[in-house]
Amino acid sequence: MANTPGSKKAVRKIARRTAINTARRSRVRTFLRKFDEALSAGDAAAAKDAFVKAQSELMRAVTKGVVHKNTGSRKVSRLHAQLKKMAAA
């Protein structure tokens, strides 16, 4: 339990930051889900558009510190590979 005023303030700050990070992570997952749906539907144009949005959102999460840089890059790379595979088929 927080006793000092500084630790009480830290608890409040952490709670605010956790809420923001949770919302950002949820937003990233939403864009990833939209990409998967476009991919499974077989719509190349929608998949490309969803990929651009998902990539942008992932990299934004990286800059905000929600996702590690390597994790973001790995996910974008895998999404792009899926998009290329769909385009080739």
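Bear in mind these aren't lab numbers, they're just calculated from the coordinates by the rules spelled out. Model, not experiment: these values are computed from the prediction. Cβ sites come from the backbone with ideal geometry, for glycine too, and all protein chains shown count toward neighbours.
The number of residues in region 63-81 that are over 23 Å from residue 39 (Cα atoms) and of a type in the set (Lys, Arg) comes to 2.
Residues in region 14-55 that are touching an Asp or Glu at 6+ places or on another chain (Cβ under 9 Å) and β-branched (Val, Ile, Thr): 28, 30. The criterion of at least 3 residues that are among the basic types (Lys, Arg) and loosely packed, with under 14 Cβ neighbours inside 10 Å is met, among helices (runs of 4 or more DSSP H) falling completely within the chain, by 5-41, 69-88.
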